[in-house]
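Novice: Can you read through this structure? Questions will come right after.
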Amino acid sequence: MSLPAKITLATSCVVSAGIIAYVHFKQQLDRVKLHEGVVRDVERRQRRKAENIYVLEQQKDLTKKYQALEESQH
């Protein structure tokens, strides 16, 4: 095999290995980002649930106060 052919083969192998390594790295990075998105969604859902429970408790308290006020006026 001639020297230019060997250089071309070596260059092709190195470029191919680099491309494969980049694709694997990119896939791993994408998986991490997707997982972080899921974690953020779960945290956001938990926060909303806690906020909704807090608002519900406030509404219950206001209802009790309103009912007590109506009863005291009758």
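Novice: How much mean residue ellipticity at 222 nm does the chain get from its helices, if each DSSP H run of length 4 or more adds -39500 (n - 2.57) and you divide by all residues, to the nearest 500 deg cm²/dmol? Show your work: numbers first, answer last.
Specialist: Values: 1 runs with 71 residues, N = 74.
Value at 222 nm, helices only, nearest 500: -36500 deg cm²/dmol.
Novice: Averaging over every viewing direction, what projected area does the convex hull of the Cα atoms of the chain cover, in nm²?
Specialist: With the hull built on Cα positions only, its mean projection is 5.6 nm².
Rule-based calculations on the coordinates, nothing more; no lab input. What you see is a predicted model, and the numbers here were worked out from it, not measured in a lab.
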